[in-house]
Amino acid sequence: MGATATAAAQSQTGETLRKAGDDKNLLIGTAVSYAQLQDPGFTRVLADQAGVVVSENDMKWGPLRPTATTFDFKRADALVAFATAHGEKIRGHNLCWHEMLPSWFKTEANSGNAADLLKHHIETVVARYAGKIQSWDVVNEAINVKDGRPDGLRNSPWLQLIGPNYIEIAFRTARAADPNALLTYNDYDLAQDSPAHEAKRKAVLALLSSLKDKDVPVQALGIQSHLAAAANGSYSWTGYQTFVRDIEALGLQIFITELDVDDRALPGDISRRDAGVAKLYHSYLTTALQHPSVKAVLTWGLTDKGTWLTHFLPRADGLPQRPLPLDSDLSPTPVFRAMLDCIHAAPRR
Ligand code: XIL
């Protein structure tokens, strides 16, 4: 089925992810690239399916900051304009991360100016979109247990140049620039039952708890949820369940911010692979959506065409990964059905 036919069919039956989410007061949406916004076949489906959007890359430092004194908002503005025109909410991603820093950062940022650079960036970007952003990922991926620090903090450029209080500076600056956006801490490797994920959960919980103790204005945790399919199709979420309750006890909301499934452990055969990917979505979302504190689910892309996983985690057989609710022709995959079923089964928020 072609893109237009698919979009039409979905709106006829009314079975869209966006509407299913609306019925549960649950935000459903996706990351979007600037290139995708230029494709009318895609944007029609995006308007139907997403109640919330996030820019895959265009609000990161690299794309936004051609030089240390300038900003290029063209691509970020295009997404904000699209979402506003279609009544979609917008997540901002992200204000402070160790990756995708502009090339000038290495030579121009130093311990004398880094805090001012960070503050100026956050003030400018957050003020530009103030009132339009549902939630901002203020700090992204600040924990990396493997770096060996007792507090679990990643040995990132921000930590090196400013020290551990860069996190607090980022949140307080964002709050001053937009009093209404929900301020989020976002991180990965928090979902599975494994020793590495358990250690990361512990460190993230300790970080969030210390931020709350200091009255730092953090309001939500983004659990990225880049999941990996298992060859045996067996999943358990014991650590996750406890973690979600611990996060709730801190008074924080939870957003699933970057859901997708690495399918390298599954066979190349498309129907077996799609069934395996959908099974993991179903298992994870059934667990996550039991918790009314989980307010949003965003997949990291809407269609398999252009998923970062094909390049970031290439399959041994060279086939493109199939991690998302629509295939590269924009036709729904079994993931789409699994998401709808889980949303229908979820309690209303
Ligand atoms: C990824 C994008 O999908 C890629 O296009 C880019 O090359 C690298 O970043 N965690 C995050 C996201 O918070 O910003 C990352 O996005 C994926 C992992």
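Here are some conditions: (1) more than 17 Å from Ala50 (Cα to Cα); (2) β-branched (Val, Ile, Thr); (3) away from the ligand (no atom under 13 Å from the Cβ). Thr310 meets all but one. Which one does it not meet?
Here Thr310 clears every test but (3).
How many residues does the range 134-157 contain that are away from the ligand (no atom under 16 Å from the Cβ) and touching a strand residue (DSSP E or B) at 6+ places or on another chain (Cβ under 8 Å)?
4
Within the range 230-349, considering only helices (runs of 4 or more DSSP H) that don't extend past its boundaries, which have at least 2 residues that are farther than 17 Å from Gly29 by Cα and of a type in the set (Val, Ile, Thr)?
On the way: elements: 238-249, 270-288, 309-312, 334-345.
Because the criterion is at least 2 residues that are farther than 17 Å from Gly29 by Cα and of a type in the set (Val, Ile, Thr), the helices (runs of 4 or more DSSP H) in the range 230-349 that meet it are 238-249, 270-288.
If Ser293 satisfies all but one of (1) without any contact (Cβ under 8 Å) to a residue 60 or more places away in the chain; (2) at positive phi, what's the number of the condition it fails?
(2)
Could you check the range 84-109 and list, in sequence order, the residues that are in contact with a Lys or Arg (Cβ under 7 Å, 6 or more places away or on another chain) and surrounded by 23 or more Cβ atoms within 10 Å (Cβ to Cβ)?
The answer is Ile90, Asn94.
Can you tell me which residue is farthest from the chain's Cα centre (by Cα) among those in the range 99-126 that are more than 21 Å from Val32 (Cα to Cα) and in a loop (DSSP other than H, G, I, E, B)? Please lay out each step first, then the result.
First, the residues of the range 99-126 that are more than 21 Å from Val32 (Cα to Cα): 103-124.
Keeping just the survivors that are in a loop (DSSP other than H, G, I, E, B) gives 103, 109-113.
Numbers: Ser103: 24, Ala109: 27, Asn110: 29, Ser111: 30, Gly112: 32, Asn113: 29 Å.
Top of the filtered list is Gly112.
Within the range 244-272, take every residue that is among the acidic types (Asp, Glu), touching a helix residue (DSSP H, G or I) at 6+ places or on another chain (Cβ under 7 Å) and surrounded by 23 or more Cβ atoms within 10 Å (Cβ to Cβ) and give me the one that is nearest to Ala181 (Cα to Cα). Step through it out loud before you land on a result.
So the first thing to find is which residues in the range 244-272 are among the acidic types (Asp, Glu), and the list is 246, 248, 258, 260, 262-263, 269.
With touching a helix residue (DSSP H, G or I) at 6+ places or on another chain (Cβ under 7 Å) added as a condition, the list becomes 246, 260, 262-263.
With the extra rule that they be surrounded by 23 or more Cβ atoms within 10 Å (Cβ to Cβ), the set shrinks to 260, 263.
Values: Asp260: 25, Asp263: 34 Å.
Filtering first and then ranking leaves Asp260.
Out of all the residues in the range 161-176, which are surrounded by fewer than 16 Cβ atoms within 10 Å (Cβ to Cβ) and assigned to a helix (DSSP H, G or I)?
Going residue by residue through the range 161-176, those that are surrounded by fewer than 16 Cβ atoms within 10 Å (Cβ to Cβ) are 163-165, 176.
Correct list: Ala176 only.
I need the full set of residues from the range 177-223 which are within 16 Å of the ligand (Cβ to nearest atom), buried (at least 19 other Cβ atoms within 10 Å of the Cβ) and part of a helix (DSSP H, G or I), in order please.
The answer is Lys200, Val204.
Inside the range 88-126, can you point out the residues that are closer than 25 Å to Ile28 by Cα and more than 13 Å from the ligand (Cβ to nearest atom)?
The first filter runs over the range 88-126 and keeps only residues closer than 25 Å to Ile28 by Cα, leaving 88-97, 125-126.
Residues satisfying the conditions are Glu88, Lys89, Ile90, Val125, Val126.
Between a first residue in the range 204-229 that is under 15 Å from Val138 (Cβ atoms) and touching a residue at least 60 places away in the same chain (Cβ under 8 Å) and a second residue that is more than 16 Å from the ligand (Cβ to nearest atom) and aromatic (Phe, Trp, Tyr), which pairs have beta carbons less than 9 Å apart while being 6 or more apart in sequence or on different chains?
Short answer, once both residue conditions are applied: Val204/Phe243; Val218/Phe171.
Of these, Thr333, Thr303, which one is among the β-branched types (Val, Ile, Thr), in contact with a Lys or Arg (Cβ under 8 Å, 6 or more places away or on another chain) and either surrounded by fewer than 17 Cβ atoms within 10 Å (Cβ to Cβ) or in contact (Cβ under 8 Å) with a residue 40 or more places away in the chain (or both)? Write out each step before concluding.
Values: Thr303 fails: in contact with a Lys or Arg (Cβ under 8 Å, 6 or more places away or on another chain).
Criteria check complete, one pass: Thr333.
Any chance the range 61-76 includes a residue that's aromatic (Phe, Trp, Tyr), within 18 Å of the chain's Cα centre (by Cα) and crowded, with 17+ Cβ neighbours inside 10 Å? Please lay out each step first, then the result.
Keep residues of the range 61-76 that are aromatic (Phe, Trp, Tyr), which gives 61, 71, 73.
Among the residues that remain, those that are also within 18 Å of the chain's Cα centre (by Cα) are: 61.
Within this subset, residues satisfying the condition of being crowded, with 17+ Cβ neighbours inside 10 Å are 61.
Within the range 61-76, one or more residues are aromatic (Phe, Trp, Tyr), within 18 Å of the chain's Cα centre (by Cα) and crowded, with 17+ Cβ neighbours inside 10 Å.
Given the conditions (1) assigned to a loop (DSSP other than H, G, I, E, B); (2) of a type outside the set (Phe, Trp, Tyr); (3) over 24 Å from Phe255 (Cα atoms); (4) in contact (Cβ under 8 Å) with a residue 24 or more places away in the chain, and given that Cys96 satisfies all but one, which numbered condition is not satisfied?
With (1) assigned to a loop (DSSP other than H, G, I, E, B); (2) of a type outside the set (Phe, Trp, Tyr); (3) over 24 Å from Phe255 (Cα atoms); (4) in contact (Cβ under 8 Å) with a residue 24 or more places away in the chain applied to Cys96, the lone miss is (3).
Read the figures in this text as sums done on the coordinates, not as results from a lab. Note that the coordinates shown come from a computational prediction; the quantities given were computed from them, not determined experimentally. A quick note on method: Cβ atoms are made from the backbone with ideal geometry, for glycine too, and the neighbour counts reach across all protein chains shown.
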